[in-house]
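**Student:** Starting off with a structure, shown below.
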Amino acid sequence: MNINQLLTETITQDLHKLIVSNAKKKSNTLQKVTVRRVLVKGKEYFQIESFTKQQAFHENLDVEHTINKLIEICCEFKQMNIITTTYEYIVRMKNLDDIYVKKVSKQREVKEVTSQNRKKNYILSESMDIPAFVDLGIFTKEGKIVHSKQEKFRQINRFIEMIDDVISKEDKDHYHIVDFGCGKSYLTFIVYYYFTQIKKKKVKVVGMDLKESVIDHCNETAKKYGYEDLTFICGDIKDYVAEEPIDMIVTLHACDIATDLALYHAITKNVRLIFSVPCCQHEMMAQIKSDSFLMKHGIIKERLSALYTDALRSLLLEACGYEVSVLEYIDSEGSLKNLLLRCKKLKECDESKKHALVAEAQEFMSEHHAQIMLFKLLRANGII
């Protein structure tokens with residue numbers, strides 16, 4: 001069997017994914033090529049995604065052109081994996097006429113054809129004109145996603161999807177939004193783009209971080225593209241003073257107690273919406289004491305400490321009158337920092353319920369000999 005015969009036989013089956021890898025020469029421009037079936041306007045194509053060290057390129061082809069393209073590509077590679085709904089073909093290639101094929105039965109189910117017409121998971125795409133993303137290193141000058149930033153782009157896309165689930169149900173024309181711990185401000189810029197270009201709403205967005213050089217670069221980029229209602233401030237969260245009520249606070253991987261400071265600010269200023277992806281919850285791990293076998297291994301203790309911290313944050317937010325949803329931000333394969341706290345201010349919690357929630361949090365923290373910063377701040381200022 002040669003490559004042409006193998007591809008003709010397998011690609012017209014229920015193909016899930018095809019991967020070409022292990023280039024014959026280190027100097028080869030392409031690092032890897034993948035193929036999957038997609039639907040575009042109801043018509044089936046094969047999407048070929050070609051990866052270099054810095055970029056990823058896509059093209060959608062019919063069966064015949066896909067096979068011809070793959071034959072051309074395989075000349076430069078040693079290995080190919082063809083995954084269908086029932087089998088996986090592991091292929092070793094010396095040349096196009098000298099191949100070794102191992103056919104393995106697959107027991108697990110695979111996902112059905114991906115439709116590129118679904119909008120829910122594709123609020124942002126390469127086709128959008130987001131010029132600031134070139135300056136930020138997300139897009140190439142040609143508007144393609146930089147290969148090393150694929151995961152980051154997927155993360156901010158998911159974050160915007162979470163926001164869209166709420167905003168699409170509201171009848172409001174103007175939003176004041178603050179991004180605490182904005183860092184390089186990928187999220188800040190895309191939040192501004194989402195509200196102004198996609199939702200066509202007036203918005204004032206402020207990004208805040210401690211790194212002066214990052215803030216200067218972000219302000220220069222915002223000014224370059226005429227984003228008059230997008231500004232960046234260098235400073236500490238606890239020192240931020242807003243000129244007008246804040247509608248939404250966002251944080252993406254604000255490290256350790258920075259998340260608590262942002263949540264505390266939101267609570268004390270009656271911020272209506274909070275979208276927060278916590279990161280590196282070291283505070284509880286450093287304090288927690290327990291004889292439980294669960295704390296025997298460091299990595300398990302670290303993960304439990306993170307879950308305990310976010311569960312306590314959720315409980316305290318409820319006590320302060322917020323409706324809280326804890327959602328999977330991205331799948332755990334992408335990152336273990338994959339929880340998002342989505343909160344909406346409803347009303348002040350009645351005193352009996354508030355007391356019960358706070359007592360529950362206190363009991364848990366007492367049992368584990370640890371307190372989180374959000375509790376300390378709320379208690380010190382008489383809020384709980």
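Just so you know, all these numbers are worked out from the coordinates, no wet-lab data involved. Computed from a predicted model, the values in this text were never measured in an experiment. Cβ placement follows ideal geometry from the backbone for every residue including glycine, while neighbour counts extend to all protein chains displayed.
**Student:** What residues have an amide H closer than 5 Å to that of residue 233, excluding those fewer than 5 places away on the same chain, when H is modeled at 1.01 Å from N in the peptide plane?
**Tutor:** The list, which skips near neighbours in sequence, is 207, 208, 209.
**Student:** Once you have the alpha carbon radius of gyration of the chain, what is it after dividing by 2.2 N^0.38 Å, with N set to its residue count? Numbers along the way, then the final one.
**Tutor:** Details: Rg = 25.0 Å, N = 384, 2.2 N^0.38 = 21.1 Å.
Normalised Cα radius of gyration, the chain: 1.18.
**Student:** Count the net charge of all other residues whose Cβ sits under 13 Å from the Cβ of residue 202, scoring Lys and Arg as +1 and Asp and Glu as -1.
**Tutor:** Here the charged neighbours net out to 0.
**Student:** Would you mind pulling out the separation of the Cα centroids of the stretch 8-35 and the stretch 349-368, in Å?
**Tutor:** Result: 56 Å between the Cα centres.
**Student:** Let me ask something else. Just to check I understand the Karplus step: with θ = phi - 60° and J = 6.51 cos²θ - 1.76 cosθ + 1.60, what whole-Hz values come out for the stretch 199-214, glycine and proline as x?
**Tutor:** 8, 6, 10, 6, 8, 10, 10, 10, x, 9, 7, 7, 8, 5, 5, 5
**Student:** While we're on this one: I'd like to know which of 23, 305, 257 lies farthest towards the positive end of the charge dipole of the chain, counting +1 on Cβ of Lys and Arg and -1 on Cβ of Asp and Glu.
**Tutor:** The one lying farthest along the dipole's positive direction is 23.
**Student:** Cut-off 10 angstrom, C-alpha nodes, Gaussian network model of the chain. Which of 39, 261, 317 fluctuates the most?
**Tutor:** 39
**Student:** Now for a different question. Which lysines, on any chain, are close to residue 353 with Cα under 27 Å apart, when same-chain ones fewer than 8 places away are left out?
**Tutor:** Excluding near neighbours in sequence, the set is 269, 344, 345, 376.
**Student:** If you don't mind, another one. Can you flag which of 141/172; 152/238; 296/347 are past 32 Å Cα-Cα? The partial results should precede the final answer.
**Tutor:** On the way: 141/172 35 Å; 152/238 28 Å; 296/347 42 Å.
Beyond 32 Å between Cα atoms: 141/172; 296/347.
**Student:** For residue 103, which lysines qualify as cross-link partners when the Cα separation must be under 16 Å and same-chain residues fewer than eight apart are set aside?
**Tutor:** Leaving aside lysines fewer than 8 places away in the same chain, those within reach of residue 103 are 17.
**Student:** Which of 36, 158, 342 ends up with the largest GNM mean-square fluctuation for the chain, with Cα atoms connected below 10 Å?
**Tutor:** Evaluated over the chain, the most mobile residue of the options is 36.
**Student:** Considering the chain as a Gaussian network with a 10 Å cut-off on Cα pairs, which listed residue, 90, 372, 130, attains the greatest mean-square fluctuation?
**Tutor:** Greatest mean-square fluctuation among the candidates belongs to 90.
**Student:** Further question: Taking Cα atoms of the stretch 238-384, Rg/Rh with Kirkwood Rh, to two decimals?
**Tutor:** Taking Rg over the Kirkwood Rh, I get 0.96.
**Student:** Would you mind checking which residues have amide H under 5 Å from residue 176's amide H? H placed 1.01 Å from N; only 5 or more apart, or other chain.
**Tutor:** 204, 247, 248
**Student:** Roughly speaking, what is the centre-to-centre gap between the stretch 251-288 and the stretch 225-246 when only Cα atoms are used, to the nearest Å?
**Tutor:** If you average the Cα positions of each part, the centres end up 18 Å apart.
**Student:** Let me ask you something else. Before anything else, pin down the relative contact order of the chain: Cα pairs under 8 Å, at least 6 apart, normalised by residue count, whole percent.
**Tutor:** Once normalised by length, the contact order is 10 percent.
**Student:** With +1 on each Lys and Arg Cβ and -1 on each Asp and Glu Cβ, and nothing else charged, work out how big the dipole of the chain is about its Cα centre, in Debye to the nearest 20. Walk me through the numbers before you get to the answer.
**Tutor:** On the way: 56 positive and 54 negative charges, 202 e Å.
For this selection, approximately 980 debye.
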